[in-house]
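The values are calculated or read from the model by the stated rules, or taken from the named source; none is laboratory data. Computed from a prediction, not measured in an experiment: that's the story for all the values here. Positions of Cβ are backbone-derived with ideal geometry, glycine not excepted, and every protein chain shown enters the neighbour counts.
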Amino acid sequence: MDWQDHHENTAKLLARLRAGDDSAREALLECWEDRLRYFVHHMLGGFPKVHFYEQTDDVLNQAMLGIWKSLNKVQFDSPEGFVFWVRKRVRWSLLDLTKKYAKHNPAALVGSQVDYGWAPGLKTLGPTSLAEWTHLHELIEALEGEERAVFEMHFYEGLTFATIAEELGKPLSTVKYRWKKSLEWVQCRLKAAQLD
């Protein structure tokens, strides 16, 4: 299924969910399972030491359970709103796991170097504590509109700029500009926080 079909299918399922069709919850999770697995796999690589304890499917199952339980409590105006919310739920699952393992071994997070090979320019961020990781994800969540969409798709999902441009229906140059601008914004605030 291409992005446009996936987007339209998501919109229809969200409309069914708003109309009270509970079977739309399961259909949404089925529709998004492969994309979520890909998303979790990339995000898991960016969480120090959690990958040592947890596999992609374990984190995916935990995130999907949280999504399943919450879907009937949240209203979405658009597929984009749903996607932002899903990414946030996965981040919460990973942060919860990070806290769980940090409780047993607080030193496990310190000094971890993360390979952001799929997101050039982020190697310089280097969060090494749970507080820094939490702050990083809060900053990403604070981005707005297309900048947030581009950042999340590239950083969390590892999508290429060309793929993002196709999915958002934007020129490649616009996507690259949004990435550069949002990356600079996040880096600036992370560095400022590290100086405090």
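Brief remarks on what is shown
- Of all residues in the stretch 148-190, exactly one satisfies the criterion of being touching a residue at least 12 places away in the same chain (Cβ under 8 Å) and in contact with a Pro (Cβ under 8 Å, 6 or more places away or on another chain), namely Leu190.
- Filter pass, Ser112 being surrounded by 12 or more Cβ atoms within 10 Å (Cβ to Cβ), modelled with pLDDT under 85 and among the hydroxyl-bearing types (Ser, Thr, Tyr): yes
- Cβ pairs under 6 Å, 6+ apart, first in the stretch 32-45 and at negative phi, second β-branched (Val, Ile, Thr) and outside any helix (DSSP H, G or I): none
- Residue check for Val50: over 30 Å from Gly169 (Cα atoms), touching a Leu at 6+ places or on another chain (Cβ under 6 Å) and either of a type outside the set (Ser, Thr, Tyr) or at pLDDT below 80 (or both): yes
- Filter result for Leu94 (in contact with a His (Cβ under 9 Å, 6 or more places away or on another chain) and either at pLDDT below 85 or within 30 Å of Lys170 (Cα to Cα) (or both)): yes
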